[in-house]
There are 2 protein chains.
Amino acid sequence: MVRLSTRAVQMPASPIRRLVPFADAAKARGLHVHHLNIGQPDVKTPRAMIEAYRRYDEEVLAYGPSQGLPALRDAISAYYQGAGLDVTAAEVNVTFGGSEAVQFAFGAVADPGDEILVFEPFYANYLGFAVAAGVDLVAVTQSADDGFALPSDADIEAKIGPKTKAIVFCSPGNPTGAVYSNEEMQRLGALAEKHDLVLISDEVYREFAYDGVKVTSALSLPCADARVVVVDSVSKRYSACGARVGCVLAKNPALTDAFMRMCFARLCPATVDQLAAIEAYRTPPSYFEDVVREYQARRDVLVDGLNAIEGVSTPRPAGAFYAIVTLPVEDSDHFAQWLLTDFSHEQETVMVAPATGFYSVPELGKQQARIAYVLNTEALARIVEILRAALRAYPGV
Amino acid sequence: MVRLSTRAVQMPASPIRRLVPFADAAKARGLHVHHLNIGQPDVKTPRAMIEAYRRYDEEVLAYGPSQGLPALRDAISAYYQGAGLDVTAAEVNVTFGGSEAVQFAFGAVADPGDEILVFEPFYANYLGFAVAAGVDLVAVTQSADDGFALPSDADIEAKIGPKTKAIVFCSPGNPTGAVYSNEEMQRLGALAEKHDLVLISDEVYREFAYDGVKVTSALSLPCADARVVVVDSVSKRYSACGARVGCVLAKNPALTDAFMRMCFARLCPATVDQLAAIEAYRTPPSYFEDVVREYQARRDVLVDGLNAIEGVSTPRPAGAFYAIVTLPVEDSDHFAQWLLTDFSHEQETVMVAPATGFYSVPELGKQQARIAYVLNTEALARIVEILRAALRAYPGV
């Protein structure tokens, strides 16, 4: 009988997927389910992107260059130059979303059995990509108590060993919403230098920072030329998750060359999506002003509302559009399921992501859930009321 | 100093890429370069696909389901049912082209250090995917002398060891054009049963068979329910290489479940490309009649023409749109480069793919090139004349 590979057996199921049938059943019972479980923004995609699809009119939908359309690589370079970061088109390799960019980054620096450091709670799919690559993710735990700040050098160095090849992190962060300060980023750079590691910096939420907080790109670190890989994507920035266009950037030519060869193996990114992405990257920076203002307002409604519920606490995240919320429950997987199967408040309920899937040791997330504030302030105020009622009614495990 | 992973070092460069700057330089000198080096069909993409892009008009380009849009999975199932193959929508996982389908197949059955058997000359990117996965490709050599027929059971079994997990093959074949007979396919099925292996059957050229030759799908083998994975794509079938939509199929639920979890890790395929692919799969089978007739005519012009040149020989391939051509040269890499750098015939030259990249031991391909007959018969007749003149003028290494 055919046996799956060990990595296929270990490949995690989505922490959210298990709940989908329950959400579907709740909807079938007539409930309105507010989806806070996935980072799918409701912000409109720039119309110029949509028009790019509508303009497509070739006779043969042909292969493009493996590293991406030159006009897209140029547009990405121009976007970075506009953000004060010196990235040339040659340093850009276009990928299938940020997902493939992470896969390329892991594959370029780590062999099977090697280790990559991550700060937990972490973006759950890092684990899937590590398992697929045969690489071990080693987690340093962050705490809600200090708003999921970067752990101390001592805590980080305690996890660095001879097999450690890289540190992967996301700032502004999914799922924490934390934005690493310039000092924290400089510390990461110094640690990478000291231990000869690559920094894999997931910067897909770069524009999503609130209260005037400044986001430091790893590309601005002194070690950027040698040991920084940036993962990026149009998905969140331009509310275009379905375009699946991202890129992996490195200024170290050995890394760029490795990414190029990885690009060649899978031929090319999708042609028309890239044409749309060119338009996305031409979106003026002013586009983000309204978007950021809106998300900041949403964050405040959610965070203020949740912190006013007895037993509930969440730091006020400075970026992205997620909050890790500590709940007065013993088992957030059970609570999230119960919300869908046994609870309703005036014919409504909510779907949240239990935080167990964002930790290397699921127990660490047992009292937490990730909430994506991708709905408008009115809906979020309502959702706070629903959660308040739910926590009052919840009988526990 | 940062070191690349071993797999990144080993990741092969494209066998063709090295020649691209020489082709560009030839064009800059005013030469017309006939591209026979890549399987980019010149056949028109079904207009309904193009219209699907042009019709796209959502406000938010959102994530789709990880396994693919339900309507696409249904359309793929219907296409297979129409081809007499029992595939349900639940057995379809939509991928980024056939490329991701191969990656998923390798990852699901083999761990780092495991082996997958392949018949050489093989599709060069199998090697890239194996290197990325840390898997060893073990090649059984096929010969031009018998038209690249499946090797004998004894030759295949000589390469099967305790680490062998699967056999990957492509029929109709890239780069050989060979179509395995039903008897050959049954032999593969029996070998898989005997040695408890998975058959990874790359069937992206299914419709491209000539002279009335019938293509046997691995899905029709007795072992299909347990141990067959089919890799498929819209790229060649619908001349839509730039859509990057493929799928991986398995009837064994353990495999399908593994593919689903792999799909979840990278979120979803591109939304609009899938809408276009739905239209592609609805293309009536009659679409292929003209296409197949055209390719058969092209093949005959190319094969008859080449075999009439002294010292040149190629089997008459029964499928796909490639021919492995044995040339009277000592080093096909040198010859292919020379065609671009030092030769022209009435201001024209040709670009071919040296066959060295299609073998595990490059020396095996030193006297061969792969020619993709993706140009019309008039151009191919002209190309035969150019190659004849080139071989007369070629001074050798």
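Below are the figures for this structure:
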| quantity | calculated |
| --- | --- |
| Test result for B:ALA154, outside the structural domain of B:LEU327 (by TED's automatic domain parsing), without any contact (Cβ under 8 Å) to a residue 12 or more places away in the chain and not acidic (Asp, Glu) | yes |
| Tally of residues being surrounded by 18 or more Cβ atoms within 10 Å (Cβ to Cβ) and more than 8 Å from chain B (Cβ to nearest Cβ) across region A:51-64 | 1 |
| Flag if A:ALA243 is under 14 Å from A:SER99 (Cβ atoms) and touching a residue at least 60 places away in the same chain (Cβ under 8 Å) | yes |
| Failed item in (1) closer than 18 Å to B:SER235 by Cα; (2) more than 8 Å from chain A (Cβ to nearest Cβ); (3) under 16 Å from the mean Cα position of the chain (by Cα), with B:ALA130 passing the rest | (1) |
| Close pairs from region A:211-223: first among the basic types (Lys, Arg), partner modelled with pLDDT of 95 or more, Cβ under 8 Å, at least 6 apart | A:LYS214/A:ASN182 |
| Residue that is surrounded by the fewest Cβ atoms within 10 Å (Cβ to Cβ) [pool: residues in region B:9-35 that are among the small types (Gly, Ala, Ser) and in a helix (DSSP H, G or I)] | B:ALA28 |
| Spans of strands (runs of 3 or more DSSP E) in region B:312-397 with at least 1 residues under 28 Å from B:LYS214 (Cα atoms), assigned by TED's automatic domain parsing to the domain that holds B:ARG17 and in contact (Cβ under 8 Å) with a residue 12 or more places away in the chain | B:322-326, B:368-372 |
| Residue list for region B:246-269, filter: of a type in the set (S, T, N, Q) and either without any contact (Cβ under 8 Å) to a residue 60 or more places away in the chain or within 16 Å of B:GLU203 (Cβ to Cβ) (or both) | B:ASN252 |
| Among residues of region A:69-108, those that are crowded, with 24+ Cβ neighbours inside 10 Å and at positive phi, counted | 1 |
| Selected residue [aliphatic (A, V, I, L, M), under 26 Å from A:THR326 (Cβ atoms) and more than 21 Å from the chain's Cα centre (by Cα)] from A:ALA158, A:ALA149, A:ALA124 | A:ALA158 |
| Residue ID - surrounded by the fewest Cβ atoms within 10 Å (Cβ to Cβ), chosen from residues in region A:164-186 that are farther than 18 Å from A:VAL138 by Cβ and over 21 Å from the mean Cα position of the chain (by Cα) | A:GLU183 |
| Of residues in region A:204-247 being among the small types (Gly, Ala, Ser) and facing chain B (nearest Cβ under 9 Å), the one farthest from the chain's Cα centre (by Cα) | A:ALA226 |
| Evaluation of A:VAL2 against (1) among the hydrophobic types (A, V, I, L, M, F, W, C); (2) within 12 Å of chain B (Cβ to nearest Cβ); (3) farther than 20 Å from B:TYR63 by Cα; (4) touching a Ser or Thr at 6+ places or on another chain (Cβ under 6 Å) (one fails), failing number | (4) |
| Residue satisfying condition, being touching an Asp or Glu at 6+ places or on another chain (Cβ under 7 Å), among the aliphatic types (A, V, I, L, M) and either in contact (Cβ under 8 Å) with a residue 60 or more places away in the chain or surrounded by 19 or more Cβ atoms within 10 Å (Cβ to Cβ) (or both), within set B:VAL140, B:VAL131 | B:VAL140 |
| Tally, over region A:275-290, of residues that are more than 9 Å from every other protein chain (Cβ to nearest Cβ) and either surrounded by 20 or more Cβ atoms within 10 Å (Cβ to Cβ) or in contact (Cβ under 8 Å) with a residue 60 or more places away in the chain (or both) | 11 |
| Some residue of region B:149-163 being surrounded by fewer than 23 Cβ atoms within 10 Å (Cβ to Cβ), modelled with pLDDT of 95 or more and touching a His at 6+ places or on another chain (Cβ under 7 Å) | yes |
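The values are calculated or read from the model by the stated rules, or taken from the named source; none is laboratory data. Just so it is clear, the structure is predicted and the values come from calculations on it, not from any experiment. Positions of Cβ are generated from backbone atoms using ideal geometry, with glycine treated the same way; all protein chains shown enter the neighbour counts.
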